[in-house]
Amino acid sequence: MKIEKLPSGSYRIRKMYKGQTYTVTFDGKPTQKEAVMAMAKELEKIKTAKVNMDFQKAAKSYVDMKRNVLSPKTLKEYSEKINRLPDWFCRLPISDISQVEINKLVNELSCGRSPKTVRDYHGLITAVMGTFYPSLRISTTLPQKVKSDPYTPSQDDVKRILEAAKGSAFEVPITLACYGMRRSEICALTIDDIDGDIVHINKALVQNEKKEWVLKSTKTTESTRDIIIAAELAEKIKAQGYVYKGYPGSITHYLERIEKKLGIETFSLHKLRHYFASQMSALGVPEADILKMGGWETDHVMKSVYRHSMMDKEEKAKREASEKLRNALFS
């Protein structure tokens, strides 16, 4: 460790720790051993000060550290989770939190919340603890995952909804959702993103921590993509001079009203991505192409979505094979 003499006649030592430089000064020149011990004492004070923060302060500090890395939507979700944690846990000093307190918290959060939501909370908690109290080994028993069976709207229901929406301000966004687009992607589109019958998807409209609607990059790298839409739909967008002008939530509310009016099982706009994947699979489009068109990062999500379509195809193939055997046996 280098001991530097300052113009004032005093001496200092400096050390970089986790990206930050810490300094200790001396009136007289210290020995190497004194310098090392003084710096160790200084760093111990800093570590202790961090560990003594309560969880809420540490969590907010963690979010601030990620502010330029995470998306506005993720920052919003993290902030909301921190604010929804029980006060007894938020006020605990980091150094007082053990596996016992985390188990108690998870047990409390599990009441009235889905296993996925509880796991999301636990993920944030472990990230914060890992940053400010890395010596704590966390091994929590979490609620068992529930195997989802994603709802896929039928072809008939989708056609009825599109017919009912015809001529309204919601016809274009709902139709685009049938091409596998997310609501955030649809609401971010401008007329400049439409090139003939090609739609360039490269941004999303999401809410930030202040609940302001802001533009950001797409959800994942794979989400930035080009899709081809029907020429009629492209012409309709060009003729009106925009894609969608309204509030994002209005699309959701409109869809709910139409479903109720038509007596259709209520489903969200996002379920039209399920419809898209299912239809593409039924039409025999290769899995890799469906992934690209829908902007999925992995095939896990996509496969869970169109599993029913695959089962229908398998059932059809089995029946065709059985019919051929029947003809061979009895004709």
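Some points to look at:
- Listed from fewest to most Cβ neighbours within 10 Å, the set L105, L176 follows the order L105, L176.
- Note that the stretch 89-97 has calculated 3J(HN,Hα) couplings of 7, 4, 8, 6, x, 3, 5, 9, 7 Hz, one per residue in order, obtained from phi through the Karplus relation 6.51 cos²θ - 1.76 cosθ + 1.60 (θ = phi - 60°); glycine and proline are x.
- A Förster distance of 30 Å, applied to the separation of the beta-carbon atoms of R67 and L43, puts the FRET efficiency at 0.70.
- On Cα atoms only, tilt of 32-51 relative to the major axis of the chain in degrees: 40 degrees
- Rounded if a/c under 1.5, otherwise prolate or oblate - the stretch 130-170, Cα gyration tensor axes: oblate
- Net charge, D64 excluded, C-beta distance under 12 Å - Lys, Arg +1, Asp, Glu -1: +3
- Degrees separating the helix 155-165 axis from the principal Cα axis of the chain, which is the longest one: 80 degrees
- In terms of its C-alpha gyration tensor, the stretch 55-132 comes out oblate, because a/c is 1.5 or above while a/b does not outweigh b/c.
- Ranked R113, R183, criterion: other C-beta atoms within 10 Å, fewest first: R113, R183
- Using θ = phi - 60° in the Karplus curve 6.51 cos²θ - 1.76 cosθ + 1.60, the 3J(HN,Hα) couplings for the stretch 196-202 round to x, 9, 9, 10, 8, 9, 9 Hz; x is entered for Gly and Pro.
- Mean residue ellipticity at 222 nm, helices only, the chain: -16500 deg cm²/dmol; runs of at least 4 DSSP H residues each add -39,500 (n - 2.57), and the sum is divided by the number of residues.
- Set of lysines near K324 by C-alpha distance (under 18 Å), chain-local residues within fewer than 8 positions excluded: K313, K316
- Averaging the Cα positions of each part gives two centres, and for the stretch 25-99 and the stretch 272-294 these lie 46 Å apart.
- In terms of other Cβ atoms within 10 Å, C178, C111 run from fewest to most in the order C111, C178.
- Degrees between helix 115-132 axis and first principal axis of the chain (Cα, 0 to 90, nearest 10): 20 degrees
- Stretched out straight at 0.36 nm per residue, the stretch from E108 to E320 would grow longer than its current Cα-Cα span by 71.0 nm.
- Cα gyration tensor shape for the chain, rounded if a/c is under 1.5, else prolate or oblate: prolate
- Selection from H270, L325, V172 lying farthest towards where the dipole of the chain points positive, charges on Cβ: H270
- With a cut-off of 14 Å between beta carbons, the residues surrounding A169 carry a summed charge of +3, where Lys and Arg count +1 and Asp and Glu -1.
A short reminder: the numbers here are calculations on the coordinates, not readings from a lab. Quick caveat, the model's predicted, so the values are computed rather than measured. Backbone-built Cβ (ideal geometry, glycine too); neighbour counts: all protein chains shown.
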